[in-house]
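Asks: Sharing a structure below in structure tokens format, with a few things to ask.
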Amino acid sequence: MFKKFTNGCVRVVNRWLPDAFLFAIILTIVTFVGSMIGTKQSPIELVNAWGNDKGMWGLLSFSMQMALVLVLGSAMASAKVCKKALGSIASLAKDKKSAIVVTTFVSTICCWLNWGFGLIAGALLAKEVARRVRDVDYALLIASAYSGFVIWHAGISGSIPLQISTGSEILGIVYQVPTSQTIFHPMNLLMVGVILVLMPFVNYAMHPDVQHTVTVDPARLVDEEERTYTISSPAEKLEHSKVLWIITLVLGFAYIIYYFLTSGFNLGLNIVNMIFMFLGILLHGDLRKYVDAIGDAASGAAGILLQFPFYAGIMGLMVAPNADGVSLASIIADFFVSVSNEVTFPMLTFLSAGLINFFVPSGGGQWAVQAPIVMPASTTMGIEAGRAAMAIAWGDQWTNMIQPFWALPALGIAGLSARNIMGYLVIVTIFTGIVACLGFLGWAIFF
């Protein structure tokens, strides 16, 4: 019965899911119409909200931070040391079951550490595993690698808990919550642990039977030849200089150590990016090699760079207020708040965040949309700010499984399209949704 349901999801997605960019265009149209109906604004008013500096161009600073998380994490994962480590881990996969379990488990841990690194490391690991286990279903293997992304916002690169850890001003009030009450709260760690342990086996339970298994084309598993460098001119000697490499590392790690000594364990987005930048430089062992790794990694962000302004525009439509200050996002969020109490509020916030994430698949965008409604309401209900913030964060990461935006880099590495993996990820969405709902109810009851 379970496999029949999974196969049905796969067939429906393969038939109906459009290209990721077209998906963004469709969401734009849906949001435009929904905003016009819900807020009674004119088409001209909404066109302005979509295309102005607070719409399509309203998240440029945050977009740069997110692009760097992806590019720096990708460059680090491409270092020879990391690839060897991935090959050693892939050797643990001896059959179809261990292939899916190992890939899911490792990618989940990597995404919890850093979402950009986890996305790429998971896809690279899946390709290494596919080389060793040729009878595994390749689409499910890549879906398993991407499924680890479902806990990224509960991890140490989560933008909402990191943003609120350094102070976030909302409607004139500054909310500041240490990571001990968000990322490292016992209930958040418990929910992550449950997903980490159980999701690998949920993924394996979806594996098709032999006649429906689609194995990998061997041509997709051929790596590009490693670059060779000639060091003859003075410029080339400078590019490969160990002295400059060491000085760069000393400067970078000196600041990182200074930061933690003076600021405590508050992992803002900038310090996370800095850590992965200098770890990448260290592991590549050469400044020229690292420059080339960044160039290769940047190409994986092409789809994101194209789509992010459209999603920023969608966000502009979602938050565009009418004369009474009512926006489509506030209508959705207010509805969930209105049917909540102090126990159900975080769970219903999680569900509303999952819905809004379809239209605003960005942690920063999600925070901008929901925080002005959720945080004051949580204060009124006597709910701690950390729990309310994590409800938004979990909702943001949850429906990424069936929103192809962030899967683009992994799909590029795998040589697949979104429709190849999204059917399997419907099941992951259902499973993680159950875990999160029960988790937030438990958080309300036991803490």
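The values are calculated or read from the model by the stated rules, or taken from the named source; none is laboratory data. This is a predicted model, so every value here is computed, not measured. As a convention, Cβ positions derive from the backbone with ideal geometry for all residues, glycine included, and neighbour counts pool all protein chains shown. Side chains included, ligands, DNA and RNA excluded: accessible areas come from the protein's heavy atoms. Shrake-Rupley method; radii C 1.70, N 1.55, O 1.52, S 1.80 Å.
Asks: What is the Rg over Rh value, at two decimals, for region 288-447, using alpha-carbon atoms and the Kirkwood definition of Rh?
Replies: Here the Rg-to-Rh quotient is 1.04.
Asks: At 1.4 Å probe size, with the rest of the protein present, what percent of the exposed accessible area of region 304-447 is carbon and sulfur atoms?
Replies: Using a 1.4 Å probe with all protein chains present, region 304-447 comes out at 72 percent carbon and sulfur.
Asks: With θ set to phi - 60° and the Karplus curve 6.51 cos²θ - 1.76 cosθ + 1.60, what are the ³J(HN,Hα) couplings of region 315-325 in order, to the nearest whole Hz, using x for Gly and Pro?
Replies: Once rounded to whole Hz, the list reads 4, x, 5, 5, 9, 5, x, 8, 4, 8, x.
Asks: With the cut-off at 1.5 for a/c, could you classify region 86-215 from its C-alpha gyration tensor as rounded, prolate or oblate?
Replies: Prolate, because a/c is 1.5 or more and a/b exceeds b/c.
Asks: Can I ask one more? Does region 1-155 come out rounded, prolate or oblate by the C-alpha gyration tensor, with a ≥ b ≥ c the root eigenvalues, rounded set by a/c under 1.5 and, if not, prolate when a/b is larger than b/c and oblate if not?
Replies: oblate
Asks: Another one. Using only DSSP helix segments of four residues or longer, with each worth -39500 (n - 2.57), what per-residue ellipticity at 222 nm results for the chain after dividing by its residue count and rounding to 500?
Replies: Value at 222 nm, helices only, nearest 500: -23000 deg cm²/dmol.
Asks: Taking the Kirkwood radius as the inverse of the mean 1/r across Cα pairs, report the Rg/Rh of region 163-309.
Replies: Expressed as Rg/Rh, it is 1.08.
Asks: With springs only between Cα atoms under 10 Å apart, run a GNM on the chain and tell me which of Arg419, Arg11, Arg227 wobbles the most.
Replies: With Cα springs under 10 Å in the chain, the top fluctuation among Arg419, Arg11, Arg227 is at Arg227.
Asks: Another question, then. With a/c under 1.5 counting as rounded, go ahead and sort region 12-61 into rounded, prolate or oblate using the C-alpha gyration tensor (a ≥ b ≥ c being the square roots of the eigenvalues; past the cut-off, prolate if a/b is larger than b/c, else oblate).
Replies: Oblate, because a/c is 1.5 or more while a/b does not exceed b/c.
Asks: Can I ask one more? Determine, for each peptide in 56-64, 159-167, the mean count of other beta carbons within 10 angstrom over its residues, then list the peptides with the highest first.
Replies: Going by the mean number of other Cβ atoms within 10 Å, highest first, we get 159-167, 56-64.
Asks: Counting residues in region 111-170 as N, plug N into 2.2 N^0.38 Å and put the Cα Rg over that result.
Replies: Rounded to two decimals, the normalised Rg is 1.46.
Asks: From the protein chains alone at 1.4 Å, what is the descending order of accessible area for His284, His212, His207, largest first?
Replies: The ordering from most to least exposed comes out as His212, His284, His207.
Asks: Send over the semi-axes of region 225-372's equivalent ellipsoid, whole angstrom and largest first, taken as the square roots of 5 times the C-alpha gyration tensor eigenvalues.
Replies: 45, 21, 12
Asks: Same structure, new question: Viscosity 1.306 mPa s, temperature 10 °C: Stokes-Einstein D of region 238-320 from its Kirkwood Cα radius, in µm² per second?
Replies: For the chosen part, D equals 104 µm²/s.
Asks: Would you please give the residues with an amide H less than 5 Å from that of Tyr175, counting only those at least 5 places away or on a separate chain, with H modeled from the backbone geometry?
Replies: Correct list: Ser168, Glu169, Ile170.
Asks: Additional query: Separation of region 239-316 and region 351-380 by C-alpha centroid, Å?
Replies: Between the Cα centre of region 239-316 and that of region 351-380, the gap is 28 Å.
Asks: Between region 135-177 and region 390-435, how many Å separate their Cα centres?
Replies: Using only Cα atoms to place each centre, the spacing works out to 12 Å.
Asks: What relative contact order, as a whole-number percentage, does region 348-421 give when Cα pairs under 8 Å and 6 or more residues apart are counted?
Replies: Rounded, it is 41 percent for region 348-421.
Asks: Under the definition of Cα pairs under 8 Å and six or more residues apart, what whole-number percent is the relative contact order of the chain?
Replies: Here the relative contact order equals 27 percent.
Asks: Taking the mean number of other Cβ atoms within 10 Å as a proxy for protection, how do you rank 105-115, 230-240, 18-28 from highest to lowest?
Replies: 105-115, 18-28, 230-240
Asks: Sequence gap at least 6, Cα distance under 8 Å: using those rules, report the relative contact order of region 93-225 to the nearest whole percent.
Replies: 30 percent.
Asks: A follow-up question, please. Taking the alpha carbon gyration tensor of the chain, what are the square roots of 5 times its eigenvalues, largest first, to the nearest whole Å?
Replies: Equivalent ellipsoid of the chain: 34, 28, 22 Å, largest first.
Asks: Among the listed pairs Lys4/Lys84; Lys3/Lys94; Lys3/Lys127; Lys84/Lys242; Lys80/Lys237; Lys127/Lys289, give every one whose C-alpha distance is greater than 32 Å.
Replies: Those over the limit are Lys4/Lys84.
Asks: Return the Cα extents of region 317-406 along principal axes one, two and three, sorted largest first, each rounded to a whole Å.
Replies: Computed over the Cα atoms, the extents are 36, 32, 20 Å.
Asks: Here's something else I'd like to know. Which peptide among 373-384, 432-443 comes first, and what is the full order, when sorted by highest mean count of other Cβ atoms within 10 Å?
Replies: The most tightly packed comes first, giving 432-443, 373-384.
Asks: OK, next. Hey, what's region 337-447 come to in accessible area per residue, 1.4 Å probe, Å²?
Replies: 27 Å²
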